[in-house]
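Asker: Here it is, the structure in full.
The values are calculated or read from the model by the stated rules, or taken from the named source; none is laboratory data. What you see is a predicted model; the values in this text were computed from it and never measured. As a convention, Cβ positions derive from the backbone with ideal geometry for all residues, glycine included, and neighbour counts pool all protein chains shown. Heavy atoms of the whole protein, side chains included, go into the accessibility calculation; ligands, DNA and RNA do not. Shrake-Rupley method; radii C 1.70, N 1.55, O 1.52, S 1.80 Å.
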Amino acid sequence: RSGIPQRASNARHARTHKMAFALSKTASLVATPKASSKIARRGAVVVRAEKVAHGKGGEEGGRSFANDAFGMVAKNANYGLFAAAVTKGGHEGTMTSPGPITVFCPNDDAFGDLCQKIGVSKMDLMNDPRIPAIVGTHIVQGALTLADMEGKTLTTMAGNSITVSGGAVNGVSFKKNDIKVDNGIVHAVNAVISP
């Protein structure tokens, strides 16, 4: 044989067997989960099926958004600054209300341009006292298509007047029109609208 005395080989085998047995007992005690019909186990993460929500980008546990004006804006990564401004400016309730409302939605590039124009960072803009008025200027009562608005002056939620003419609102061109949502219509615009 290999030159190992028989007694040492048997002792080593017995120790290995006892260790494997002890580990298997420990592992089975640790790995035995409590049985529950409402909890599914996946690795070390506990997932409660009734609590799963799909938010922005579909990640589990993220905030869930409806198909209303705010939900449409918040789910789109290009309009995150407008969604943040809506929340900071206190207009989220208006944009999730039954409506009907019309929203002129500037994208993040438009907010970047506004920040440069007024000399603040994007973070500072969210704390600017003008945010409620800026956001309010982008919301009007009623579900209005571009055809409905053409040639008309509208009163915004901020109390300002905006005019739609020649395919633009106060000189700001539309990027996309007549996006229907559950509580109104959203229009994407290329800049932040000034009253």
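Asker: I'd like to know if the range 145-165 contains one or more residues that are under 23 Å from the mean Cα position of the chain (by Cα) and touching a residue at least 60 places away in the same chain (Cβ under 8 Å).
Answerer: no
Asker: Okay, next question. Suppose we filter GLY171, GLY184 for residues that are among the small types (Gly, Ala, Ser) and in contact (Cβ under 8 Å) with a residue 24 or more places away in the chain; which single one remains?
Answerer: Exactly one of GLY171, GLY184 is among the small types (Gly, Ala, Ser) and in contact (Cβ under 8 Å) with a residue 24 or more places away in the chain, namely GLY184.
Asker: Still on this structure, please answer the following. How do the pairs read when you match residues in the range 77-97 that are of a type in the set (Phe, Trp, Tyr) with residues anywhere that are part of a loop (DSSP other than H, G, I, E, B), using Cβ under 9 Å and keeping only pairs 6 or more apart or on different chains?
Answerer: Filtered contacts from the range 77-97: TYR79/ASN107; PHE82/ASN107; PHE82/HIS138; PHE82/VAL192.
Asker: Can we say LEU125 is in contact with a strand residue (DSSP E or B) (Cβ under 9 Å, 6 or more places away or on another chain) and open to solvent by less than 40 Å² (accessible area, probe 1.4 Å)?
Answerer: no
Asker: Looking only at the range 179-195, filter to residues that are touching a strand residue (DSSP E or B) at 6+ places or on another chain (Cβ under 6 Å) and open to solvent by 30 Å² or more (accessible area, probe 1.4 Å); which one of those is nearest to SER161 (Cα to Cα)?
Answerer: Ranking the candidates gives ALA191 first.
The rows are residues; the columns are (1) surrounded by 14 or more Cβ atoms within 10 Å (Cβ to Cβ); (2) over 17 Å from ASN67 (Cα atoms); (3) touching a Phe, Trp or Tyr at 6+ places or on another chain (Cβ under 9 Å).
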position	(1), (2), (3)
PRO98	no, no, no
VAL103	yes, no, yes
ASP109	no, yes, no
ILE118	no, yes, no
SER121	no, yes, no
MET149	yes, yes, no
ASN160	yes, yes, no
VAL172	yes, yes, yes
